[in-house]
Amino acid sequence: MTRRLLTLLGIAVICVVLFHSTVYGFNSLFFWTNRYADVSVPNFDQYGTPTYYSLLFIRRAVAFGVGVFLFVSGYFVAFATGRKNETIEWKVIWTRILYLLIPYFIWSTVIFTGKALAYGQILSPMEYVRRFLLGQATTAYYYVPLICQLYVVSRFMVPLAKKHWKLFLVTTAVIQFAVQALRYFNLLDISNPTIDTLIRLTPIWFFPIRIFWFALGLVIGFHFKQFKEFLMRTRWVFLVATILLLIASLVEFETLLHLTNMDWRRVASFSPISSTLYGISFIFTFLAFDKLSRPLPAELSDIGTKSYGVYLLTDQVLDLTGTLMYRFTPWVLGNQLLYQIVMVAAGLGIPLLLMNRISKSPARRMYRYLFG
């Protein structure tokens, strides 16, 4: 099971790179079009083209990356707890959190320093503290305070996952989907004081918004035999459900886009419920077809072991790569296939290359502090 989960992590981190890379793809289609064509921006002439739908399909198909990270984290909390212990020990929790926070603080400091030097963006000491605490050095870093919170509350979740797992799953599903559902009101500009307050109280870095992913990993970790039997009986159902839910997420995205009068950036950053259901179904399908031969299992597992380091670096690598191409090779922005190949290769390859080089250099003692 451990090897399968590492393979799943490898797939997930590749999906994260693809997910972030498509943002640059859509920007090049709609907002940077003037860099390679004589038009004013924003320009939506390429909306509805095969290029557009190819990017949209990729973005929706890979939207489960962070959910998988949380699921696997929940599973390994169950593994670390063991069968005989009532709950996980605080020592294990703090060790894991420290493992996450040291690289996070190092790279957040690098990012803040880079922004100060490159753009003159110097903030007050309290603002730096706030951004460190809330994972706001870059948009992807919300994940770190989120998973740290889940590790802390796992101390109280473990007994429920062991003894009352069905009620526990239903409760956490209701919490997560309720928090997600609130966002629809905001997206569609339906204002209500109570709803607005609830949205402010459940930001993206606060654990209720992703709690079910982690809870599902916990429960499967403790009750894998029961779930395996269930998945073996229903694997074809979940395969079909995964395909249908992916289609549903594509339809929902387009529907929301039209309901918001093509407010592209708001809809693109929105996390629809259909995508969450698709991601959960994908995990079940992956686990159910455990005998299926998968390509590059060793390579994917190896990437899986480096998933946290890649996650910490990929957003900044993509930003730098995208900026350089925007300035110096704008013609590439008009060739979406080439653009995506370069972006994905950089977003995945540069972090992996850096990690590999450091692991084999005299600085290898710093590896775990830099990448976890």
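Here, each number is a calculation from the coordinates, and none is a lab measurement. Owing to the predicted nature of the structure, the values given are computational and were not obtained by experimental measurement. Glycine gets a Cβ as well: all are built from the backbone with ideal geometry, and neighbour counts include every protein chain shown.
In the elastic network of the chain, a GNM with C-alpha springs shorter than 10 Å, the most mobile of 150, 257, 338 is 338. Taking only alpha carbon atoms, region 124-218 gives an Rg to Rh ratio of 1.03, where Rh is the Kirkwood radius. The chain has equivalent-ellipsoid semi-axes of 32, 26, 22 Å, by the square roots of 5 times the alpha carbon gyration tensor eigenvalues, sorted largest first.
One chain, two ends: residue 365 and residue 319. Fully extended at 0.36 nm per residue, the span grows by 13.7 nm beyond their Cα-Cα distance. When the convex hull of its Cα atoms is viewed from all sides, region 111-177 shows a mean projected area of 6.0 nm². Segment residue 254..residue 123, full-extension length gain: 43.3 nm, with 0.36 nm per residue of separation and the alpha-carbon distance subtracted. Near residue 355, once Lys and Arg are set to +1 and Asp and Glu to -1 for all other residues with Cβ below 12 Å from its Cβ, the sum equals +4. Number of Lys-Lys pairs in the chain with C-alpha atoms under 29 Å apart and a separation of 8 or more places or on different chains: 25. Using all pairs of distinct alpha-carbon atoms, the Kirkwood hydrodynamic radius of region 217-310 works out to 15.7 angstrom. A simple spin-label model places pseudo-atoms 7 Å from Cα toward Cβ; at residue 152 and residue 232 they are separated by 4.2 nm. A straight chain from residue 116 to residue 201 at 0.36 nm per residue would run longer than the Cα-Cα distance by 27.6 nm.
Computed packing ranks the peptides 128-141, 199-212 as 199-212, 128-141, most packed first, by mean other Cβ atoms within 10 Å. Springs join every pair of Cα atoms under 10 Å in this Gaussian network model of the chain, and among 270, 282, 26 the largest mean-square fluctuation is at 270.
The modelled label-to-label distance for the pair residue 105/residue 53, using points 7 Å beyond Cα in the direction of Cβ, is 5.1 nm. Between residue 244 and residue 299, the simple label model (points 7 Å from Cα in the Cβ direction) yields a spacing of 3.5 nm. Return the FRET efficiency for the residue pair residue 45, residue 190: r is the Cβ-Cβ distance, R0 is 25 Å, and the value is rounded to the nearest 0.05. Once rounded, the FRET efficiency stands at 0.20. For the listed peptides 73-79, 56-62, 286-292, a ranking on the average number of other beta carbons within 10 Å per residue, highest first, reads 73-79, 56-62, 286-292.
For region 50-94 versus region 106-150, the spacing of their alpha-carbon centroids is 23 Å.
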